[in-house]
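Readers should treat all values here as calculations from the given coordinates under stated rules, not as data from a laboratory. Here the structure is a predicted model, which is why all the values come from computation and not from measurement. In this analysis, Cβ positions are derived from the backbone assuming ideal geometry, glycine residues included, and neighbour counts consider all displayed protein chains.
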């Protein structure tokens, strides 16, 4: 069931600007941006544009690393992961739209380590909505929201509206 | 019970892969799309060339008929999914001591198997097993008699799509011993389901099933006409034992009329690809200059076969 967005929630573009301000001083030559399909990739592209620098970019799809495979099976739409740089000794800035249980980030880190041993992984998200089930925290956060367990926020993208948030109530 | 009732769950997901006959395009495309994602698992830049999807699952390769290549590609696919694999060649095992097929399966199930990959000389062996295993066990048919070889058909579709794009633009010729080929049947079912507008079978009358037109294909009895202007030539293997029978004069005579030579291949479109399920009889159904030539994608088929089998196993194990 669709819901009203929280009144204190800025637009995705405003949140991306806020992230850029935090991240820009930390960008060095050994950095790479890695977006998690699908929302993280949109954020990565928007960030790269604003950061202006020529930073290597990669895409992760965590379908083959999820921990709920034995419960719900293979995710119906998997995309190839693509990291066009050497992960070994790289400082990775991992990007996702919404941080919730932390399970997606766990899967993404396992996937990254199958490519090599990064020097560091930092996490940036547009929204930290609470509800963590693993000891994972973001280093850069656009906004913190305190949502109930049945409230779900997601980032969507289409031609008419661009990046925008959608809230739904799910049992 | 029809094959689809056995193959699909009540909500339409794949439970076993027994045949491509009657399998909806939605499931064929799901397998092909998933396989495309698995291709990157073996990228050179990955330190670890496997994914943890089937960690802790036990997959039994049970081959009642020899096939080193198919068994090996299933084994590699299972290992790239982090499953534990057990290979059994039953010729050399209990069957020679008189154990029935279902007793063999019951014993292996008691060893906590999650999936059986089955090759058997008898058509329908996979169906028989699927009817008797517990609901959490999945069956993949790796070739049964003359009937079907679904993962070969799927990897052929993957290869076609990879090189030639969407099926609705393609003209495809299947050439050779269609009568005895489980590969041809799987290819025909998949191509028609995926919307290929022109599927041709090209073979001597003695090597065609009598009802082949009912499968929705165009039949040609002259190779020169059959492969004219096609986008892909799918060659079939001529099994050695067939050459000794009465259906064919000799290997040399077969090569003259039905062997794919560089001269005959010129009749196809200039960018046509050549496929073969292997193992090839060079100088019988295919000339070495074609098999090793620029238009051959035969070795890509082998590579793609691993990703396609990874897709099938991971979709089944999750359903």
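So, by mean Cβ neighbours within 10 angstrom, what's the order for A:144-154, A:40-50 with the highest one leading?
The peptides rank, most packed first, as A:40-50, A:144-154.
Considering only B:184, B:142, B:272, the Gaussian network model of chain B with Cα springs below 10 Å gives its largest mean-square fluctuation to B:272. Take each residue of peptide A:66-74, count the partner chain Cβ atoms within 10 Å of its Cβ, and average: the result is 5. Kirkwood radius and radius of gyration were both taken over the C-alpha atoms of region B:25-67, and their ratio Rg/Rh is 1.08. Projected onto planes of every orientation and averaged, the convex hull of the alpha-carbon atoms in chain A covers 10.4 nm². For chain B, modelled as a GNM whose springs connect Cα atoms under 10 angstrom apart, the maximal fluctuation among B:86, B:118, B:230 occurs at B:86. Length, then width, then depth: along the principal axes, the Cα atoms of region B:174-270 run 37, 30, 17 Å.
Just want to confirm a number: the relative contact order over region A:113-167, from Cα pairs under 8 angstrom separated by 6+ residues, in percent. Worked out over region A:113-167, it gives 25 percent.
The slack between residue A:22 and residue A:113, meaning 0.36 nm per residue of separation minus the straight C-alpha distance, is 30.2 nm. Distance from the alpha carbon centroid of region A:112-155 to that of region B:244-290 works out to 58 angstrom.
Over the whole of B:191-199, what's the average partner chain Cβ count within 10 Å per residue? Rounded to a whole number, please.
Details: counts 0, 0, 0, 0, 0, 0, 0, 0, 0.
Going residue by residue through B:191-199 and averaging, the value is 0.
Across chain A, C-alpha contacts under 8 Å between residues 6 or more apart give a mean separation that, scaled by the residue count, equals a relative contact order of 25 percent.
How big, in percent, is the set of alpha carbon pairs in the protein assembly as shown lying more than 32 Å apart? Write out the running numbers ahead of the final one.
Working: 60130 of 119805 pairs.
Above the 32 Å cut-off, the protein assembly as shown has 50 percent of its Cα pairs.
From the alpha carbon centroid of region B:119-172 to that of region B:11-65 is 12 Å. Could you list, bin by bin from short to long, the percent of Cα-Cα pairs of chain B in 20 Å steps? That works out to 33, 57, 10, in percent per bin.
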